[in-house]
1. What residues from region 192-209 fall in the zone where the backbone N is under 15 Å from a label point 7 Å along the Cα-to-C-beta line of A172?
2. If you take every DSSP beta bridge fully contained in the chain, what fraction is antiparallel? Give it as a percent rounded to 5.
3. Where a ≥ b ≥ c are the square roots of the eigenvalues of the C-alpha gyration tensor, would you call region 47-86 rounded, which needs a/c under 1.5, or, failing that, prolate if a/b is larger than b/c, or oblate?
4. If the cut-off is a Cα-Cα distance under 25 Å, which lysines reach K62, setting aside same-chain residues fewer than 8 apart in sequence?
5. To the nearest Å, what is the center-to-center distance of region 50-68 and region 126-193, using C-alpha atoms only?
6. Binning at 5 Å from 0, report for region 1-111 what percent of all alpha-carbon pair distances ends up in each bin.
7. Determine, from the Cβ-Cβ distance of E202 and A182 and an R0 of 25 Å, the FRET efficiency 1/(1 + (r/R0)^6), rounded to the nearest 0.05.
8. With point charges of +1 on the Cβ of Lys and Arg and -1 on the Cβ of Asp and Glu, referenced to the Cα centre of region 7-224, which listed residue (S171, N136, T187) lies farthest in the positive direction of the dipole?
Amino acid sequence: MENHLFVGGVVSFTTLDYPGCLSVVIFLQGCSWRCVYCHNRHLQSVLPEESLPWEDIINLLKTREGLVEAVVFSGGEPLLQENLLDAIMYVRDMKFKIGLHTSGAFPSRFAKVLPFVDWVGFDVKHRFENYQEITNIRNSGALARESLNLLIASGVDFEVRMTLYEKIETSAIIEALKEISALGVRTVALQKCRDKKENVVEHPIFSDKLLLEDVSKYFDNFYVR
Ligand code: SF4
């Protein structure tokens with residue numbers, strides 16, 4: 001691959017980032033959003049001088065052939081990088097399945113890579129109309145909704161992950177879940193937020209088992225992490 005990809009880190013062996021598959025996770029630098037709870041702030045900027053060489057990533061993947069099934073592109077926001085599609089094609093040629101973690105910030109780029117992706121972990125952050133409260137970016141909710149619609153229409157296997165910021169009203173979370181269920185989302189994982197010191201800051205909804213049971217009925221698969 002001639003063009004550079006800016007890589008902030010790699011996890012060489014995990015069971016957590018692509019359901020049912022052992023995978024390598026490649027964390028790409030750069031994100032255009034500024035979420036209040038972001039845990040990868042060190043990946044928000046593209047810093048070429050700190051990027052791991054792509055050749056090193058490929059050499060690592062060669063040592064994983066036959067040991068792991070999938071390579072997951074995560075971030076930051078992987079679709080920020082224009083060379084993501086080339087990287088995906090390169091890794092597919094090595095016979096790995098492709099996973100992608102995205103917030104949906106770049107619908108047109110997402111549409112181009114979707115035919116070559118096997119599984120997507122898609123972040124939903126709030127009701128789409130309230131996205132700016134989390135991302136600090138105007139219009140981010142419209143972009144995320146457009147990307148989610150593309151994903152649903154594509155038929156690619158996916159899971160929606162929703163990290164529950166403690167300041168979101170429970171009623172807004174319920175509305176967000178109803179909204180994505182109506183769009184056609186069938187698998188959802190609710191995730192607990194962490195503060196800057198990595199302590200869990202649990203949203204009150206996690207203690208309301210009856211409510212969780214109720215909202216789980218909107219989906220075929222519903223997880224709490
Ligand atoms: S989209 Fe993800 S990487 Fe970007 S600021 Fe939000 S939480 Fe951080």
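Nothing in this text is a laboratory measurement; each read-out follows from the coordinates by a stated rule. Note that this is a predicted model, so its numbers are computed, not measured. Note that each Cβ is placed from the backbone with ideal geometry, even for glycine, and that neighbours are counted across all protein chains shown.
1. 203-205
2. Numbers: 8 of 36 bridges.
Antiparallel bridges make up about 20 percent of those DSSP assigns within the chain.
3. Cα axes put region 47-86 in the oblate bin.
4. Those lysines meeting the cut-off are K95, K97.
5. 32
6. P(r) for region 1-111, in whole percents per bin: 2, 13, 24, 26, 20, 12, 3, 0.
7. Details: r = 27 Å, r/R0 = 1.08.
Step by step, r from the Cβ atoms, then E = 0.40.
8. It is S171.
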